[in-house]
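Some notes on the structure that comes next.
The values are calculated or read from the model by the stated rules, or taken from the named source; none is laboratory data. No experiment lies behind these values; they were computed from the predicted model shown. Note that we place each Cβ from the backbone using ideal geometry, even for glycine, and neighbour counts take in every protein chain shown. Each accessible area value is taken on the protein alone, full model and side chains, heavy atoms only, with ligands, DNA and RNA left out. Shrake-Rupley method; radii C 1.70, N 1.55, O 1.52, S 1.80 Å.
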Amino acid sequence: MVSLSPVDAAPAATVPAAPRRRPRGRPLLLLAVPALVVLTVFFVVPAARLAWLSVSTPELGLDNYTGLATDGVVVTVVLRTLGMATVVTVLCVLCAYPYAYLMTIVGHRWTAVLTALVLLPFWTSLMARTFAWVVLLQDTGLVNGLLTAVGLGPIRLLGTTAGVSMAMAQVMLPFMVLPVYAAMRGIDRSLVDAAMGLGATPVAAFLRVYLPLSLRGVAAGATLVMVLSLGFYVTPSLVGSPQQSMLAQLISVQVNQLVDFGAAGALAVTLLVVTLVLVAAVQRLTRTGGAPVGLVGGAGS
């Protein structure tokens, strides 16, 4: 009978598997090729073409840009576009923030219902929604009927800045709700509880802990709404009037009616530059580190 020594009887030591190496270098960059191709074909090339037309038509030079800068109508339209986009963004923030907060505190079933209500506009044609606003904002429409019932109406809304702002805000609202909700879902609510445990009131804990942590989502949604609002065309055209013309409508007039591709290219480049400046400004403002204000120096201070 063969006896086994303790060394022979011990199980063989398991050799740990070598960690997998992540792909590096060129194989990883190949994943971005399809997106880069689409971006180049459908954005970079047209944008470069417009930029070239803006300095080469009707003759080489910067006459189109100097003409825009000295044209009072163009300056008014650009300022109106920026103002309208700002108003729509503010309206979306005021409506989306409490709605997104409600989505985070209700149960799963109600969260699904509220999410479906947010996504419902995406299932309807933009043209159909815009014509619906034309009906609602008429002098005898539902909105004026409600305002009259509470003693505030009737008010002329169709063809006014207020009417255009309301219609645009309804279209843009989902683009604000979803980023804010995504940011709020990632907030650890125990931080708010800790702040209140240290003596902060619920309002102070919200303003100094929860609100700063959710501002990145607000900034992302506001940037998205602002950028999309700058190029809006359908809703201002149908709900508004020539007095509410925005930059996209002016570009359409330059191309379709005046056949001035140089001026249209200059307007398009101006819109692109304004958009890039806004995005860069938001990125710089939100690139902050460290803890929220409410966590520094005591929650109740």
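Residues being in a loop (DSSP other than H, G, I, E, B) and open to solvent by 60 Å² or more (accessible area, probe 1.4 Å): count how many of those fall in the stretch 125-150. Walk me through it before giving the result.
Our first condition is that a residue be in a loop (DSSP other than H, G, I, E, B); within the stretch 125-150, this holds for 125, 137-141, 150.
Those left that are additionally open to solvent by 60 Å² or more (accessible area, probe 1.4 Å): 125, 138-140, 150.
Selection size over the stretch 125-150: 5.
Look at the stretch 53-86 and say how many of its residues are of a type in the set (A, V, I, L, M, F, W, C) and over 29 Å from the mean Cα position of the chain (by Cα).
Result for the stretch 53-86: 4.
Report whether or not Ser252 is open to solvent by less than 30 Å² (accessible area, probe 1.4 Å), among the small types (Gly, Ala, Ser) and under 17 Å from the mean Cα position of the chain (by Cα).
So Ser252 does not fit the description; no.
What are the residues in the stretch 53-68 that are loosely packed, with under 13 Cβ neighbours inside 10 Å and assigned to a helix (DSSP H, G or I), if any?
Thr66, the sole residue that qualifies.
Quick one: would you say Arg156 is modelled with pLDDT of 90 or more, open to solvent by 30 Å² or more (accessible area, probe 1.4 Å) and either of a type in the set (Lys, Arg) or in a loop (DSSP other than H, G, I, E, B) (or both)?
no
I'd like to check something: does the stretch 94-102 contain any residue that is at pLDDT 90 or above, of a type outside the set (Gly, Ala, Ser) and under 26 Å from Met246 (Cα atoms)? If you could, list the steps in order and put the result at the bottom.
Of the stretch 94-102, the ones at pLDDT 90 or above are 94-102.
Next, from what is left, pick out any that are of a type outside the set (Gly, Ala, Ser): 94-95, 97-99, 101-102.
Next, only the ones that are under 26 Å from Met246 (Cα atoms) stay: 94-95.
Checked the stretch 94-102: at least one residue is at pLDDT 90 or above, of a type outside the set (Gly, Ala, Ser) and under 26 Å from Met246 (Cα atoms).
Any idea how many residues of the stretch 87-110 are open to solvent by less than 60 Å² (accessible area, probe 1.4 Å), in a helix (DSSP H, G or I) and either among the β-branched types (Val, Ile, Thr) or on the phi > 0 side of the Ramachandran plot (or both)?
Matching residues across the stretch 87-110 total 4.
Hey, can you tell me all the residues within the stretch 192-205 that are hydrophobic (A, V, I, L, M, F, W, C) and open to solvent by 60 Å² or more (accessible area, probe 1.4 Å)? Walk me through it before giving the result.
Within the stretch 192-205, the first condition is being hydrophobic (A, V, I, L, M, F, W, C), and the residues that meet it are 192, 194-196, 198, 200, 203-205.
Scanning the stretch 192-205 gives Met196, Leu198, Val203.
Inspect all residues belonging to the stretch 193-200 and state whether any of them is free of Cβ contacts under 8 Å to residues at least 40 places away in the same chain and more than 17 Å from Tyr97 (Cα to Cα). Let's see the steps before the verdict.
Going residue by residue through the stretch 193-200, those that are free of Cβ contacts under 8 Å to residues at least 40 places away in the same chain are 193, 197.
If we keep only those that are more than 17 Å from Tyr97 (Cα to Cα) as well, we get 193, 197.
Yes, some residue in the stretch 193-200 is free of Cβ contacts under 8 Å to residues at least 40 places away in the same chain and more than 17 Å from Tyr97 (Cα to Cα).
Right, Val218: of a type outside the set (S, T, N, Q) and touching a residue at least 12 places away in the same chain (Cβ under 8 Å) or not?
In short, yes.
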